[in-house]
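The structure appears right after this line, and notes come after that.
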Amino acid sequence: MRGVIRIASVLTLCATAFGFSEQPIRPRNVPADAALVPFDKSFVWQRCAIEPTTSFVRCQIYSEKGRVEHDESFFPYDEGPTLEKSELSIASKDPDAGPDWVCLENGRILMPGSRYDYVRSVLNKKLPKERKR
């Protein structure tokens, strides 16, 4: 019984760290490896992988309710080199996180190809100078 109480306490602490009073329930269609990414007073689920046929990064972003917001090739905001699979660790606590881009643990940001120019203009206004490249 103590183990159950400890697990519940840890989950409560994690939810509090994300700014949620409860741990969000993952919708059925959101893959198990999608990361929960909070921003402002909301959150999304994100996952990225390297497309084997093109070597592009393909990301999916799901809304709180599991609606697919993006499922396409994403490109680096910094216009830097192509990413390796090992670099695709999604930052779940990045202060610059948002609903239309992916912040990675290594500090890089990925933007959807279909909205690249728009998202770039949003990030140019939002990001602190030291993060812009």
| field | Residues (assigned to a strand (DSSP E or B) and of a type in the set (Asp, Glu)) located in segment 58-70 | value | Glu69
| If Pro52 satisfies every condition in (1) out of contact with any strand residue (DSSP E or B) (no Cβ under 9 Å at 6 or more places or on another chain); (2) over 22 Å from Asp33 (Cα atoms); (3) not aliphatic (A, V, I, L, M) but one, which is the exception? | (2)
| request: Looking only at segment 85-95, count how many residues are open to solvent by less than 30 Å² (accessible area, probe 1.4 Å) and part of a loop (DSSP other than H, G, I, E, B). | output: 3
| field | Within segment 66-84, considering residues that are farther than 20 Å from Val122 by Cβ and modelled with pLDDT under 95, the one least open to solvent (accessible area, probe 1.4 Å) | value | Leu83
| request: Among the residues of segment 112-133, write down those that are touching a residue at least 40 places away in the same chain (Cβ under 8 Å), open to solvent by 60 Å² or more (accessible area, probe 1.4 Å) and of a type in the set (Ser, Thr, Tyr). | output: Ser114
| query | Do we have Ser73 as part of a strand (DSSP E or B), polar (S, T, N, Q) and more than 14 Å from the chain's Cα centre (by Cα) here? | reply | yes
| request: Would you please name the residue that is least open to solvent (accessible area, probe 1.4 Å), looking only at residues in segment 29-47 that are assigned to a loop (DSSP other than H, G, I, E, B) and at pLDDT below 95? | output: Asp40
| Residue selected from segment 48-57 under the condition surrounded by fewer than 19 Cβ atoms within 10 Å (Cβ to Cβ) and out of contact with any helix residue (DSSP H, G or I) (no Cβ under 6 Å at 6 or more places or on another chain), by the criterion nearest to Pro31 (Cα to Cα) | Ala49
| request: Answer yes if at least one residue in segment 96-111 is open to solvent by less than 20 Å² (accessible area, probe 1.4 Å) and farther than 29 Å from Gln23 by Cα, and no otherwise. | output: no
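The values are calculated or read from the model by the stated rules, or taken from the named source; none is laboratory data. Computed from a prediction, not measured in an experiment: that's the story for all the values here. Note that we place each Cβ from the backbone using ideal geometry, even for glycine, and neighbour counts take in every protein chain shown. Side chains are part of the model used for accessible areas, which takes the heavy atoms of the whole protein and leaves out ligands, DNA and RNA. Shrake-Rupley method; radii C 1.70, N 1.55, O 1.52, S 1.80 Å.
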